[in-house]
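The values are calculated or read from the model by the stated rules, or taken from the named source; none is laboratory data. Since we're looking at a predicted model, the values are computed, not measured. Here the Cβ is made from the backbone with ideal geometry for all residues, glycine too, and neighbour counts use every protein chain on show.
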Amino acid sequence: MPGGAELPVENRWPAEGASPQGRAVGEPAAVRRRVLAWRQYGQFATVGFVNAAVDLAILNILLAVFPTTSRIGLTVETSLAVALAILNSYLWNTRWTFRRQADGSTRQLTLFIAQSLLNIGINDLVLILTASQVHALQIAPHWVKVNLAKGVAMAFASSMSFFVMRLVVFRPGIGGRRQRVQNHQNQ
């Protein structure tokens, strides 16, 4: 710095050879939070790709076994596929993506279920709206059109899901985690 002044330790960038976790003495807290948020988003996206595979596989199995072109039939089949993908999501997100914030509390489970119902509703609404638009194009077989519409629906629903899980369901420092710490201290 000009004049030989140095930045306070908490504002310095990490030197070469920082720890494998990306933490260096003096690394700004805001940078650590951003890095952790992006890492968490990457984990969420990985789980999301697995969920998408589960969702699409189940939907396509249901479409093969119970072919339908009705909105009600499509809504039932996609809701079942999404519900099973959400179960997969809960297992992976509580054990990996949000493991630091997941505490197994009734509050988190209740909020996760509410988020899941919102996710299913958004997914179904976007799917129905998109499917009718894609169907009007007459560009491909029915199952291809459903899968295109499903991709759009999954993108909308999963984006909403990440923000709700990060900011509400697994929000650090509230609910069950505080209770668990208090219980541990009382023992």
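With the condition kept exactly as written, say whether any residue in the stretch 146-155 is modelled with pLDDT of 85 or more, within 11 Å of the chain's Cα centre (by Cα) and either surrounded by fewer than 15 Cβ atoms within 10 Å (Cβ to Cβ) or at positive phi (or both).
Within the stretch 146-155, one or more residues are modelled with pLDDT of 85 or more, within 11 Å of the chain's Cα centre (by Cα) and either surrounded by fewer than 15 Cβ atoms within 10 Å (Cβ to Cβ) or at positive phi (or both).
Filter the stretch 50-65 for residues that are surrounded by 15 or more Cβ atoms within 10 Å (Cβ to Cβ) and either among the small types (Gly, Ala, Ser) or in contact (Cβ under 8 Å) with a residue 40 or more places away in the chain (or both) and give the result.
ASN51, ALA52, ASP55, LEU56, LEU59, ASN60, LEU63
Scanning the stretch 24-38 for residues that are at negative phi and surrounded by 13 or more Cβ atoms within 10 Å (Cβ to Cβ), which turns out modelled with the lowest pLDDT?
ALA24
Could you please find all residues in the stretch 87-106 being of a type outside the set (S, T, N, Q) and either modelled with pLDDT under 85 or surrounded by fewer than 15 Cβ atoms within 10 Å (Cβ to Cβ) (or both)?
Scanning the stretch 87-106 gives LEU87, LEU91, ARG95, TRP96, PHE98, ARG99, ARG100, ALA102, GLY104.
Test each condition in (1) of a type outside the set (A, V, I, L, M); (2) part of a loop (DSSP other than H, G, I, E, B); (3) at pLDDT 90 or above for THR46 and report the one that comes out false.
(2)
Between a residue in the stretch 124-138 that is without any contact (Cβ under 8 Å) to a residue 24 or more places away in the chain and on the phi < 0 side of the Ramachandran plot and any residue that is surrounded by 14 or more Cβ atoms within 10 Å (Cβ to Cβ) and of a type in the set (Lys, Arg), which pairs come within a Cβ distance under 7 Å, given they are 6 or more apart or on different chains?
VAL134/LYS145; HIS135/LYS145
Please find, within the stretch 66-82, the residue that is surrounded by the most Cβ atoms within 10 Å (Cβ to Cβ) out of those that are within 29 Å of the chain's Cα centre (by Cα) and in contact (Cβ under 8 Å) with a residue 24 or more places away in the chain.
VAL82
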